[in-house]
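The values are calculated or read from the model by the stated rules, or taken from the named source; none is laboratory data. Keep in mind that what you see is a predicted model, and the values were worked out from it rather than measured. Every residue, glycine among them, receives a Cβ derived from its backbone with ideal geometry; neighbour counts consider all protein chains shown.
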Amino acid sequence: MTESDLTAGSEVDSYCLKCKDMTNHMIIAMADGKIAKAQCNVCGGRHKYRAAKPSKSTKAKGTTASRAAAGTTLKEKKATAAFEALLKGRDSSESKPYAMTAIFNKNEIINHPTFGLGVVTSIIPANKIEVTFKDGVKILICVLPVSETPEPAKMKKKKIRKVVKEAAA
């Protein structure tokens, strides 16, 4: 069936942006003998008729596109420089394999199965560590060392009371 044989109420295939697929549509408007609007029979959405899936625009958008074409961004370069500064003069063969159940200390080199080599830059109380990798900084879950484990709330209250009593005396 050609487009000139079609009328409002006829069924056609059109690309639906809601369904993100070529689906069956009913023509709801025609203009100058061409299909203007269609209603999707799957989701009920009404939109402009699209004979095929729209292609992605390949326009360059200023400096972002030129940096992407160059390969690395400024942020990636800074992260790599910071990582190399942390590893400078250290032996990467002494790295400890990462596991969520392992205990890590600050400035320790770890080997993550996905992110590769990294350096523990800080310990975040609760059960996390901040690690600097070549790609950037990531926060990972782990078991905290005993010295970094937060005190239970009751212990903190007792210490505060003790300090207050000593100050009052």
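Selection of the stretch 64-110 for residues being at pLDDT 90 or above and touching a Cys at 6+ places or on another chain (Cβ under 6 Å) yields an empty set.
Just one of the listed residues (ILE124, ILE129) is surrounded by 11 or more Cβ atoms within 10 Å (Cβ to Cβ), within 26 Å of the chain's Cα centre (by Cα) and touching a residue at least 24 places away in the same chain (Cβ under 8 Å), namely ILE129. State yes or no: is ILE103 over 16 Å from ALA79 (Cβ atoms) and touching a helix residue (DSSP H, G or I) at 6+ places or on another chain (Cβ under 7 Å)? Judged against the criteria, ILE103 is not a match. Within the stretch 85-120, can you find the residues that are among the hydroxyl-bearing types (Ser, Thr, Tyr), closer than 20 Å to LEU144 by Cα and surrounded by fewer than 16 Cβ atoms within 10 Å (Cβ to Cβ)? Hit for the stretch 85-120 is THR101, nothing else. Residue under question is HIS25, and the condition is that it be within 32 Å of the chain's Cα centre (by Cα) and either modelled with pLDDT of 85 or more or closer than 30 Å to ILE109 by Cα (or both); does it hold? Judged against the criteria, HIS25 is not a match. Restricting attention to the stretch 9-20 and to residues that are modelled with pLDDT under 85 and in contact with a Lys or Arg (Cβ under 9 Å, 6 or more places away or on another chain), the residue that is surrounded by the fewest Cβ atoms within 10 Å (Cβ to Cβ) turns out to be LYS20. Considering the stretch 111-144, the residues that are among the charged types (D, E, K, R) and in contact with a Phe, Trp or Tyr (Cβ under 8 Å, 6 or more places away or on another chain) include one that is modelled with the highest pLDDT, namely LYS138.
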